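Nothing in this text is a laboratory measurement; each read-out follows from the coordinates by a stated rule. Since this is a predicted model, take the numbers as computed values, not measurements. Neighbour counts run over all protein chains shown; Cβ positions are idealised from the backbone, glycine included.
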Amino acid sequence: MANILVVDDERSIRNTLKDVLEYEKHTVDLAEDGLSAFQLIQQKDYDLVLCDIKMPNMDGTELLEKIMENSPDTQVVMISGHGNIETAVESIKKGAFDFIEKPLDLNRLLVTIKNALDKTQLLSNTRVLKKKVSKGYEIVGQSEAIRKVLEMADKVAPTDARVLIMGPNGCGKELIARRIHDHSKRSNAPFVEVNCAAIPSELIESELFGHEKGSFTSAIKDRKGKFELANGGTLFLDEIGDMSLDAQAKVLRALQENKITRVGSEKEIKVDVRVIAATNKNMQEEIKANRFREDLFHRLSVVIINVPSLNDRKEDIPLLAQHFIELFCSEYGKPLKKIHPDAIAQLQQINWTGNIREFRNVIERLIIFCDNEITAKDVMTYAQPIIK
């Protein structure tokens, strides 16, 4: 079940808890003070620590601080016969999962242990999911073109400078935006994406700034906009070139004043948001045609990153192919497939007008339909609909 460490200077309590927890099928270790407990924690991973507060050598509060510093995912339940509200609150503030007074109510203790272990499992599952998601957003390639892009992204990430990412559809502009966010000081805050091209012009203001109940026909309740949802984090405005001029004016004001106003309200709301924008359009042409505000362009383009098309970095195709083969074989529960060098050469001859998005689809199709090794013939067969 779980590895649990019981830390208490009273032998009777240690032994009683050991018997109860082993009856519940847990593995239990014992320590008589904080110092010996910390030595055990450095040697072994524990899912839960039951820790007395008043102990010789190192008390429970000091042990809690060391656990939080060295193993923050370990759940700690503090137990004490000298507790009060202040002690309990202080323990929780320092990272304890819960605080239980002596004499121990075993029913409450077992419920607390179950809840603490559920949290441990949740944290573990979250890490697995994050790893899986991050693999899907991984930027793959060693070409000079992509290395320059990644170098720029990594240099600008720790700052709060606004970034405009430019490049054709499907080339990975969102991945660059996520990389900048993940390497920034805002990485633990939200990354909120808005596809400006997918939202009708009459709804874009509500989507970005929120609205008050009754401000228009379908506004049946108050709603936060993307600026508020991204507060403290990063707002990614994808396809910014398709935003209406009215919405552009309001975005410009939000960037200038760090304030937004919900549709139907006069109240100003302060926001702390880093804006990263992306577009597949030629912004100079959009400005000349009066479809995009020049002042907003300059607000957004403190740093401009141009992402190359796949056709401009075909030397990355072997790495990209292997990456997507591993991804889709894992996703579909298939044995890892090999790809013949002739198949790679065939992939490199294709005109990838859809860029990485199109390439990914082709590899997924090959994983679904091909045998253990992907051949040049397979590429010709299953990529045929998209070969130009």
- Task: Would you be able to tell me the number of residues in the stretch 202-238 that are closer than 17 Å to ARG299 by Cβ and part of a loop (DSSP other than H, G, I, E, B)?
- Result: 1
- Message: Any residue that is touching a helix residue (DSSP H, G or I) at 6+ places or on another chain (Cβ under 8 Å) and more than 13 Å from PRO318 (Cα to Cα) - is there at least one of those in the stretch 337-346?
- Response: yes
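Would you mind stating whether THR120 is farther than 23 Å from SER12 by Cα and part of a helix (DSSP H, G or I)?
Values: farther than 23 Å from SER12 by Cα: yes; part of a helix (DSSP H, G or I): yes.
Criteria met by THR120.
For the stretch 69-78, what are the residues that are in contact with a strand residue (DSSP E or B) (Cβ under 8 Å, 6 or more places away or on another chain) and either over 21 Å from ASN115 (Cα atoms) or not β-branched (Val, Ile, Thr) (or both)?
To start, the set of residues in the stretch 69-78 that are in contact with a strand residue (DSSP E or B) (Cβ under 8 Å, 6 or more places away or on another chain) comprises 74-78.
Those that are in contact with a strand residue (DSSP E or B) (Cβ under 8 Å, 6 or more places away or on another chain) and either over 21 Å from ASN115 (Cα atoms) or not β-branched (Val, Ile, Thr) (or both): GLN75, MET78.
Select, from GLY60, GLY81, the only residue that is buried (at least 16 other Cβ atoms within 10 Å of the Cβ), small (Gly, Ala, Ser) and farther than 18 Å from LEU117 by Cβ.
Details: GLY81 fails: buried (at least 16 other Cβ atoms within 10 Å of the Cβ).
Just one listed residue meets the conditions, GLY60.
Take residues that are without any contact (Cβ under 8 Å) to a residue 60 or more places away in the chain and of a type in the set (S, T, N, Q) and tell me which of the strands (runs of 3 or more DSSP E) falling wholly in the stretch 22-108 contain 2 or more.
On the way: elements: 27-31, 48-52, 75-80, 98-101.
In the stretch 22-108, the matching strands (runs of 3 or more DSSP E) lie at 75-80.
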- Note on the structure: Picking from ALA96, ALA88, the residue that is out of contact with any helix residue (DSSP H, G or I) (no Cβ under 8 Å at 6 or more places or on another chain), surrounded by 17 or more Cβ atoms within 10 Å (Cβ to Cβ) and not β-branched (Val, Ile, Thr) would be ALA88
- Query: Are any residues in the stretch 166-193 touching a Gly at 6+ places or on another chain (Cβ under 9 Å) and β-branched (Val, Ile, Thr), and if so, which ones?
  - Reply: ILE176, VAL192
- In the stretch 272-295, what residues are hydrophobic (A, V, I, L, M, F, W, C) and over 32 Å from the mean Cα position of the chain (by Cα)? ILE287, ALA289
- Query: Where residues in the stretch 175-219 are under 27 Å from the mean Cα position of the chain (by Cα) and hydroxyl-bearing (Ser, Thr, Tyr), which of them is farthest from ILE305 (Cα to Cα)?
  - Reply: SER206
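Can you work out which of the residues in the stretch 355-382 that are of a type in the set (Ser, Thr, Tyr) and assigned to a helix (DSSP H, G or I) is surrounded by the fewest Cβ atoms within 10 Å (Cβ to Cβ)? Talk me through it step by step, then tell me what you get.
Kept after step one, since they are of a type in the set (Ser, Thr, Tyr), are these residues of the stretch 355-382: 375, 381-382.
Right, trim to assigned to a helix (DSSP H, G or I) and you get 381-382.
Working: THR381: 14, TYR382: 19.
Among residues in the stretch 355-382 that are of a type in the set (Ser, Thr, Tyr) and assigned to a helix (DSSP H, G or I), the one surrounded by the fewest Cβ atoms within 10 Å (Cβ to Cβ) is THR381.
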- Residue hits (the stretch 34-57; crowded, with 17+ Cβ neighbours inside 10 Å, under 16 Å from ILE79 (Cβ atoms) and not acidic (Asp, Glu)) are GLY34, ALA37, TYR46, LEU48, VAL49, LEU50, CYS51, ILE53, MET55
